[in-house]
There are 6 protein chains.
Amino acid sequence: MNPALREKLTTAPVAGLSAQLRKRGLEGVFIDGVRPLAPGQSFVGTARTLRFLPLREDLFTEYGGGYNAQKRTFDAVEEGEVLVIEARGEKGSATLGDVLAIRAHARGAAAIVTDGGVRDAEAVAAVGIPVFSAGAHPAVLGRKHVPWDADLAIACGGATVQPGDILVGDADGVIVIPPALAEEVADDALAQEDEDGWIAARVAEGHPIQGLFPMNAEWRAKYDAEQSTP
Amino acid sequence: MNPALREKLTTAPVAGLSAQLRKRGLEGVFIDGVRPLAPGQSFVGTARTLRFLPLREDLFTEYGGGYNAQKRTFDAVEEGEVLVIEARGEKGSATLGDVLAIRAHARGAAAIVTDGGVRDAEAVAAVGIPVFSAGAHPAVLGRKHVPWDADLAIACGGATVQPGDILVGDADGVIVIPPALAEEVADDALAQEDEDGWIAARVAEGHPIQGLFPMNAEWRAKYDAEQSTP
Amino acid sequence: MNPALREKLTTAPVAGLSAQLRKRGLEGVFIDGVRPLAPGQSFVGTARTLRFLPLREDLFTEYGGGYNAQKRTFDAVEEGEVLVIEARGEKGSATLGDVLAIRAHARGAAAIVTDGGVRDAEAVAAVGIPVFSAGAHPAVLGRKHVPWDADLAIACGGATVQPGDILVGDADGVIVIPPALAEEVADDALAQEDEDGWIAARVAEGHPIQGLFPMNAEWRAKYDAEQSTP
Amino acid sequence: MNPALREKLTTAPVAGLSAQLRKRGLEGVFIDGVRPLAPGQSFVGTARTLRFLPLREDLFTEYGGGYNAQKRTFDAVEEGEVLVIEARGEKGSATLGDVLAIRAHARGAAAIVTDGGVRDAEAVAAVGIPVFSAGAHPAVLGRKHVPWDADLAIACGGATVQPGDILVGDADGVIVIPPALAEEVADDALAQEDEDGWIAARVAEGHPIQGLFPMNAEWRAKYDAEQSTP
Amino acid sequence: MNPALREKLTTAPVAGLSAQLRKRGLEGVFIDGVRPLAPGQSFVGTARTLRFLPLREDLFTEYGGGYNAQKRTFDAVEEGEVLVIEARGEKGSATLGDVLAIRAHARGAAAIVTDGGVRDAEAVAAVGIPVFSAGAHPAVLGRKHVPWDADLAIACGGATVQPGDILVGDADGVIVIPPALAEEVADDALAQEDEDGWIAARVAEGHPIQGLFPMNAEWRAKYDAEQSTP
Amino acid sequence: MNPALREKLTTAPVAGLSAQLRKRGLEGVFIDGVRPLAPGQSFVGTARTLRFLPLREDLFTEYGGGYNAQKRTFDAVEEGEVLVIEARGEKGSATLGDVLAIRAHARGAAAIVTDGGVRDAEAVAAVGIPVFSAGAHPAVLGRKHVPWDADLAIACGGATVQPGDILVGDADGVIVIPPALAEEVADDALAQEDEDGWIAARVAEGHPIQGLFPMNAEWRAKYDAEQSTP
């Protein structure tokens, strides 16, 4: 992602970006049920995916231990990427702990998003990389999962994520932006943000919603006039 | 609501008020599943209601946009009122954002209660009006709802709310008080609060629960004696 | 519990203890769905159990009021014990309030764990005893429960708890440790904690997961060498 | 509804009708979570609505007994109408029993649809009117509801139903059709049904899906040829 | 239970019995979420209870195998009793199979009620004893449970059941009747059943609900007159 | 699969097979939440997998229509295979209809298993191929899914299924058997079935569970004697 786009996506709120996606017919873009481990965390990045499958003891024996798909992916994540984990919304185990969070952070990853749990959650929160998850759970992943494969399209929190999709997260949640739309969505979201901020100021002054939100011709004329004033 | 009653209801904890309602046979009075956006928020007010219905694309086209039922209600809410939204517990979209929260605040509303989501949740929390909701979600309401009508009895968080009902919220949750009962419920809750505070102090001193909570004759005599002491 | 064991269990994270239990074939040891009322709370103690049954009006009349099973148990809890309540995960009422929390604290209890709600939650959080619960709810227990019996094996948060079992809770959650295993589990968790801390430091330096987590012979040799160095 | 339209809607499967609604951009039209009490029941009719609100003891006292909103609506339902009840998906009580089902049947109602329960379910199933519900429950409605109002837009099974909307139900479920679209949706569903039936016959003969479903030019030519052959 | 009472309770529908319990203030009497394995099954009996706790591997090793609490209880159930199992609504394993169902049947038990699963469900359904459960599941109980104790008050399907309580089940569901109320509840339910049957016949003739259900003075006079006519 | 193994697996009940898997340490083998469309259906086959991802409008446009992954897989399924679909337990749309069921049947597939819905469910049930699903829903798959890829390991009903795994379904549910274990699991299940049948006959004669289930030395001697008798 080029730095200018990253900057715009960092400035635009997730709520505003999602409204622009909706205008383009995209509503299935929300990774729901995840929250940041530490309040105030937000991020922008491109997706690197990792898929867990439900625990099956024979498969765990073969694929669960050692340098498994999970660990290989944390070693492979690159600068600016968001490591996204499909864990089927399972809250009864963790999908990562502090050592792996430190590794992702050291690799320069932008964030970790999992619709499963996190263990040693306080230690993970302290690492410094934003981690959005379904919550804390002390169990290792083997209680519920087999780490399986990476770098394919996955389902996370009810949304499909392809490798390379752009993910943006803040206090409202996490959304997925198809890369080809990111530039225009960001631009339009920032423009709308300016407009909404101006409207909010008018409403705070006591003006009614009617005619102002959305703006009628009269209000828009005032807005445009102010915008053009240096 | 007269200021004296408002003052009493502000002082009494929701837990204590609900216990008094239970004594009068009312248990279906809890708006469950909602939490304040900012810790420590509490409120007292009378209900103004707003009802959302499930998204149906044809109805959204007709009723969803422009100066819809939602916006009209935020323009109409009056000082001291609590704007209560029926959103069927749907967490997959917002039911309001910061502009509308600012409008309700500017109108002098006491609070907003919704069993749906809130977008731009950090901005909404910063407005200053208490907002109790099912959580943050970045999507606009049209992902899940059609804003429909107002000022009728609704279901919110599993409780029926009529326009004019008294709502009280604190860290424990939100309850609905039939207006005719509010005065006596508030008085009795405050009296019980005094008594429970005295009991709590005795328990903190090491006295057992037995005979003290509830008080037997001996303990009550001591309590009454202290109360009458200036 | 002897002070040395208590100290070890206090130092070891719940995540680390649960990993040791798993190595011994125990996975059904998590009290899920409970969180501390105040952030940062943690505890170690032995279980004293209390069981609630679903509200049945005739039984509540007979057993719900006065010096019931709940109150008797809070009067009976002893120093270092964790009062554990089976409430079937029911979130629609409280299972205790501030007076009882004060009593447990005055008795020297280590913590209270309930898979039901807590009323006057802010007051309870201020008492000083760690309370892990399914959340705040203002209703008294009689809305959903009859307090029934104590000192028998119960189900809490999906785990079986016997009187005398060791419970440990922190930000990750609460686990149940069979007393006979506690010493070795604590020792091994602390040893593993040292090792994982050392690994974390190496990962923070930029070393990959591969070969290091878990350690191969080369890394282990380095680790062992450092350990033996004063 | 004119008899010709009713006939078409009776012949077309709900699955086919819903596909036509989707082509016109309508997907929020499914009353989910309801099943017929007796296997094989299906229906077509126009909606008459009834709304229940959550039990609140004071309101039940005032509005729950006697000739309440529920009973008035069953007395008022007219021939060919479907009585649709909003019960918030609550399965813990009934929303009607056999006496009311008999009344609706005697009035000539086409069906009853409720996202709540039915009591005396075997007796209700024997009445002869199709009843689609969330299942059987022996409790009277007052355990969970206050019967409230009628003839307004409601939410049932996750779909918005306006009075006068057309409802069609079969083994697949129940859908809501905006009246203005009913004719064309029915016509196109029947045409598609013919086509799909012809395709199904070809597939049964062993032809692959590829090129046939949907039909390519070659297959369509054959289909058209057969259609024009008397 | 004396045969006359058993006969009355067999004749009265569960819906009618529950309405009489409600008149006496009892609503927490429904074992919800259970259905008969074979359609048309119904039963009357007194409760013998059995409690399962969540799987904990150490406890299963000690208590799960051999002649465990489950098997002892099936050997002990007596004629006319209903074996009621607390399984916490867990659907991911069975709580009995055909051998134990045959044993209960051979002992003369009236029914088995479990809020968990049943394995070999077709074979169990063929045994001839009514079995109400949360559904079929092939896994043995050890996947989710430790069979624990018997003959104590338990929670089943959201209701408290004491040993000796009367249970009645039919297509609507299962209810719990305190023994001391059974006679009057049965008598009043049968009387109401007569009255409702007469009302149903009038409604089938085309009379409106208004004034008839419940009956006004005029209708009651007609009803009473017919009743007194031989 | 060789015919002899298929025959054994067809004869052995799923409950018995799952007990043998458990003896070998495998419990994560249940595809839960699926039921046959027609009562009495059962099957044995090897898995061919198909994966759906959550609806994302841009991806549906690109991959959802025409000869998509779903249709390609139904054209490719081979004799004796079970087509298994990952639909994330989503019940709000179908994952197949009658045309595709006919195709699978024509190809000689042994069954279809989906943890999503089925449309035209009555027509599908009439095709003759066993279909186990989460239930009927009239919507086409595009309401909730994008058909994505095939022939990789998937999650279905909470179990991991690899291409080539053996699946067996009957009234109790569906299980996954690793191919390498199938022969011994089938043999042992059939042997256990004989034994359990003999035990069931003894219990039906009135013998207690104690000592018989499992058999003590005395009972086993009798059993062995009878077995060896021609």
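A short reminder: the numbers here are calculations on the coordinates, not readings from a lab. No experiment lies behind these values; they were computed from the predicted model shown. Virtual Cβ from ideal backbone geometry, glycine too; neighbours counted across all protein chains shown.
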One would report the Cα pair-distance distribution of chain B, bin width 10 Å, in %, as 8, 31, 30, 16, 10, 4, 1
Between C:Gly80 and residues 5 or more places away or on another chain, the pairs with built amide H atoms under 5 Å apart involve C:Ala109, C:Ala110
Hydrodynamic calc, the range F:105-221: Kirkwood Rh from Cα pairs, then Stokes-Einstein at 4 °C with viscosity 1.567 mPa s, so D in µm² s⁻¹ is 72
For C:Ala136, other-chain or 5+-apart residues with amide H closer than 5 Å (H placed, Pro excluded) are C:Val118
One would report the antiparallel percent of DSSP beta bridges in chain B, rounded to the nearest 5, as 60
Scoring the range C:105-226 by relative contact order with C-alpha pairs under 8 Å, at least six apart, yields a percentage of 13
Computed about the Cα centre, the charge dipole of the protein assembly as shown from +1 Lys/Arg and -1 Asp/Glu charges at the Cβ has a magnitude in debye, to the nearest 20, of 0
Taking Cα pairs closer than 8 Å and at least 6 residues apart, the relative contact order of the range D:27-177 in percent is 39
Ordered by fewest other Cβ atoms within 10 Å, a rough proxy for footprinting exposure, B:His137, F:His207 read F:His207, B:His137
Diffing the range E:60-75: the Karplus 3J(HN,Hα) column from phi (6.51, -1.76, 1.60, θ = phi - 60°), in whole Hz with x for Gly and Pro, holds 5, 4, 7, 10, x, x, x, 8, 7, 4, 4, 5, 4, 6, 5, 6
Proxy exposure order for B:Thr11, B:Thr229 (fewest C-beta within 10 Å first) is B:Thr229, B:Thr11
Dipole check, the range D:15-144, charges on Cβ (K,R +1; D,E -1), about Cα centroid: among D:Gln70, D:Ala19, D:Thr95 the Cα furthest to the positive pole belongs to D:Ala19
Along the dipole axis of the range C:184-228 (charges at Cβ: +1 for Lys and Arg, -1 for Asp and Glu; origin at the Cα centre), the most positive-end residue among C:Trp219, C:His207, C:Ala186 is C:His207
Binned at 10 Å starting from 0, the alpha-carbon pair-distance distribution of the range B:184-228 in whole percents comes out as 28, 55, 17, 1
Distances in nm between the label point of B:Ala4 (7 Å along Cα→Cβ) and its equivalents in the other copies, shortest first, are 6.2, 6.8, 6.8, 7.3, 9.5
Using alpha carbon centers only, the range F:31-61 is separated from the range E:4-37 by a whole-angstrom value of 39
Inter-copy distances for E:Glu218, nm, shortest first, label points 7 Å along Cα→Cβ, are 6.0, 6.7, 7.7, 7.7, 10.0
In this structure, among C:Lys91/D:Lys144; A:Lys8/B:Lys144; A:Lys23/F:Lys71; A:Lys144/E:Lys91; A:Lys144/C:Lys91; B:Lys91/F:Lys144, pairs with alpha-carbon gaps over 22 Å are A:Lys8/B:Lys144; A:Lys23/F:Lys71; A:Lys144/C:Lys91
As a percent rounded to 5, the proportion of antiparallel DSSP bridges among beta bridges in the protein assembly as shown is 60
Filtering GluC sites (Glu not before Pro) in the range F:147-230 by DSSP loop and by at most 15 other Cβ atoms within 10 Å leaves F:Glu205
Here the whole-number average of other chain Cβ atoms within 10 Å per Cβ of E:13-22 is 6
Sparse-neighbourhood loop hits (chymotrypsin sites (Phe, Trp or Tyr not before Pro), the range C:1-99; DSSP loop; Cβ within 10 Å at most 16 others) -> C:Tyr67
Partner shielding of B:198-205, taken as the mean number of other chain Cβ atoms within 10 Å, equals 5
Helix F:14-23: inclination vs chain F longest Cα principal axis, degrees, rounded to 10, gives 80
Tilt, helix C:179-204 to longest principal axis of chain C (alpha-carbon atoms), in degrees rounded to tens, equals 50
Most exposed first, judged by fewest Cβ atoms within 10 angstrom, F:Trp148, D:Trp198 run D:Trp198, F:Trp148
Checking F:Gly197, F:Gly128, F:Gly116 against a Gaussian network model of chain F (alpha-carbon springs below 10 Å), the top fluctuating residue turns out to be F:Gly197
Per the rotation taking chain B to chain C, min distance Cβ-to-axis on chain B (residue, whole Å) equals B:Pro39, 6
Checking E:Leu152, E:Leu100, E:Leu21 against a Gaussian network model of chain E (alpha-carbon springs below 10 Å), the top fluctuating residue turns out to be E:Leu152
Computed about the Cα centre, the charge dipole of chain A from +1 Lys/Arg and -1 Asp/Glu charges at the Cβ has a magnitude in debye, to the nearest 20, of 640
Per GNM of chain B with C-alpha springs under 10 angstrom, the most fluctuating residue out of B:Pro13, B:Pro138, B:Pro163 is B:Pro138
Treating every alpha carbon of the protein assembly as shown as one equal point scatterer without solvent, the Debye formula yields log10 I(q)/I(0) values at q = 0.04 Å⁻¹ of -0.24
Taking the range C:31-125, the whole-percent share of alpha-carbon pairs separated by over 18 angstrom is 45
Once phi for every residue in the range E:166-177 is put through the Karplus expression 6.51 cos²θ - 1.76 cosθ + 1.60 (θ = phi - 60°), the whole-Hz ³J(HN,Hα) values, with Gly and Pro written as x, are 8, 10, 10, x, 8, 4, 6, x, 10, 10, 10, 10
Partner shielding of D:207-216, taken as the mean number of other chain Cβ atoms within 10 Å, equals 5
Rounded to one decimal in nm, the spacing of the 7 Å Cα→Cβ label points at D:Lys23 and B:Arg22 is 5.8
